[in-house]
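Structure, as structure tokens:
Bear in mind that the values in this text are calculations on the coordinates, not laboratory data. Since we're looking at a predicted model, the values are computed, not measured. Heads up, the Cβs are rebuilt from the backbone with ideal geometry, glycines too, and the neighbour counts pull from every protein chain shown.
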């Protein structure tokens with residue numbers, strides 16, 4: 001176990017290093033110089049001034065030297081500074097990261113809340129109208145791009161019926177919960193949740209749909225096994241057979257892919273945050289691309305890669321712990 | 001040795017000339033009969049065929065030029081909401097015909113999807129087959145690159161590529177191809193590992209058939225069903241991601257009428273001109289439904305192992 005974890009962590013570190021290297025390399029070959037972008041609004045700048053700024057920013061150094069400097073910085077918690085905001089990237093990202101995490105986790109919650117009952121019911125009532133409806137739901141969920149769903153939700157629930165706000169975030173969830181716990185009223189929490197509903201549904205629906213299919217088919221597999229037939233044959237009430245034997249085993253395949261889906265949701269935030277003007281790092285990344293703010297792009301990519309790799313790492317370690325037969329060689 | 005190879009390949013092509021086409025024809029007839037028997041598969045195939053037809057005949061069937069603007073038609077509502085026959089599905093903020101733009105959008109979406117899938121499947125399959133069959137350092141290098149890519153969200157990868165290459169049609173093709181080739185490489189490699197120890201491959205090797213020929217003649221054909229299934233289902237992913245990137249402003253650039261671009265244009269007019277959103281949205285949604293229905297059917301038919309997922 002120890003050796004496995006060690007190797008796995010080492011491998012993750014290598015992946016992160018590769019991401020860093022490739023991104024910093026690619027950023028160098030982008031046409032359009034960051035200094036030109038930075039100084040676009042200053043017609044008084046001479047070429048000499050720009051040259052001086054390039055020197056100061058270290059843009060004149062060889063790629064490997066720049067990379068080395070960058071790595072040393074990263075290890076010391078310095079992710080460079082944004083060209084646009086003129087502030088450290090780490091600060092920019094850490095103020096926006098909670099919003100992204102909140103959105104991702106809440107979407108996962110919604111995906112699970114929708115998928116588990118629907119997956120189970122469609123399996124238990126196989127070939128019924130409910131089953132058919134569930135399959136149609138799954139098909140539609142998988143086929144609807146998250147940003148399109150987001151727009152439709154805005155159109156219906158914000159524009160037409162005005163039940164949920166169309167965009168933005170209220171108090172961050174942890175702040176709102178803090179307020180609720182310390183007796184400052186539930187208003188803030190309610191407002192936060194209301195803002196969270198539409199983006200989370202838009203983001204989580206595809207995952208929910210995929211999970212409905214998966215839970216349904218694994219439930220069907222389990223129902224047909226000998227031990228379920230035996231449990232029924234020995235006279236256990238259907239409820240007990242379901243709760244003690246079928247349900248838990250049927251969820252295993254889904255639980256094992258939840259980690260991967262978390263990564264998928266994290267990727268989806270880039271689009272959804274833009275649709276809903278959600279102040280997370282996904283939107284920041286998209287804006288940074290428009291601004292040609294390369295240090296910021298690099299920092300966001302690095303942070304996302306670290307999160308993604310960490311999720312994968314945890315998933316692998318948990319698998320290994322649940323089922324020691326799984327080996328990664 | 002050389003002569004043996006020649007006779008062998010001659011025999012091979014002779015037998016191919018006689019036996020294979022007949023078998024293929026009956027096989028494809030079987031599948032077609034099965035497709036017709038499946039409501040799901042047939043619906044998907046019909047939707048997709050319709051979209052392809054629309055894309056091909058776009059210049060003929062589109063009532064207007066996709067980017068010609070008209071001050072008089074600005075915000076013209078669709079026919080059912082009190083509009084005129086001139087703009088059946090209404091017009092956008094610049095007076096461009098929504099129907100025509102949606103029709104031309106089909107060209108963009110489908111062409112990108114087919115090109116990306118074609119390149120990604122070809123590159124991925126060949127690299128995967130080489131990795132699996134040749135093994136050793138080649139395998140390690142190719143699969144490490146694939147692993148590296150798979151340990152990364154696709155969309156982020158595509159985003160980074162778009163940032164670097166700059167927005168545009170071919171940058172989009174490159175970015176999306178780079179984002180998914182590894183899937184196919186993995187799939188074919190797995191197949192290659194299984195097949196390379198089988199007797200017929202060993203026999204082919206023993207009589208001196210070249211590596212390239214074994215990969216081309218034995219390994220790739222065996223991986224084909226799984227490739228077709230995965231490739232078809234990925235068409236939906238490519239279409240959605242193209243639309244998403246274009247929607248963000250990082251893909252196809254206005255005024256080119258990609259569905260994503262149209263949806264982005266429509267965002268500011270959700271309140272007043274919802275039709276600007278609705279029609280490209282429906283086109284995008286229906287295409288994905290068609291692809292997924294067909295893909296599901298293919299999976300159930302070709303690859304029962306995957307059917308559960």
Legend entry - Quotient of Cα Rg and 2.2 N^0.38 Å for the protein assembly as shown, N being how many residues it contains: 1.05
Legend entry - chain B: angle of helix B:39-56 to the longest principal axis, Cα-based, in degrees nearest 10: 70
Legend entry - Spatial separation of Cα centroids for region A:71-136 and region B:247-286, in angstrom: 25
Inset, instruction - Using per-residue counts of other Cβ atoms within 10 Å, averaged over each peptide, order A:256-269, A:114-127, A:163-176 from highest down. - result: A:256-269, A:114-127, A:163-176
Inset, instruction - Calculate the mean, over all residues of peptide B:156-162, of how many other protein chain Cβ atoms lie within 10 angstrom of the residue's Cβ. - result: 6
Legend entry - Nearest 10 degrees, 0 to 90: helix A:281-291 Cα axis against chain A principal axis: 40
Inset, instruction - Report, in deg cm²/dmol and to the nearest 500, the calculated mean residue ellipticity at 222 nm for chain A, where each DSSP H run with n ≥ 4 adds -39500 (n - 2.57) and the sum is divided by the residue count. - result: -24500 deg cm²/dmol
Inset, instruction - Considering Cα pairs under 8 angstrom that are at least six residues apart, work out the relative contact order of chain B and quote it in whole percent. - result: 23
Inset, instruction - Report Rg/Rh for region A:108-213, rounded to two decimals, where Rg is the Cα radius of gyration and Rh the Kirkwood radius. - result: 1.08
Inset, instruction - Calculate the all-directions average of the projected area of chain A's alpha-carbon convex hull, and give it in nm². - result: 23.7
Inset, instruction - Take peptide A:133-145, look around each residue's Cβ out to 10 angstrom, count Cβ atoms belonging to other protein chains, and average those counts. - result: 4
Inset, instruction - Please give the average number of partner chain Cβ atoms lying within 10 Å of the Cβ of each residue in A:298-308, rounded to a whole number. - result: 2
Legend entry - 222 nm mean residue ellipticity, helices alone, for chain B (DSSP H n ≥ 4; -39,500 (n - 2.57); rounded to 500): -25000 deg cm²/dmol
Inset, instruction - Compute the Kirkwood hydrodynamic radius of region B:38-307, taking the inverse of the mean of 1/r over all pairs of distinct Cα atoms, and give it in Å to one decimal. - result: 20.3
Inset, instruction - Could you state the angle between the C-alpha long axis of helix A:294-322 and the longest principal axis of the C-alpha atoms of chain A, as a value from 0 to 90 degrees rounded to the nearest 10? - result: 30
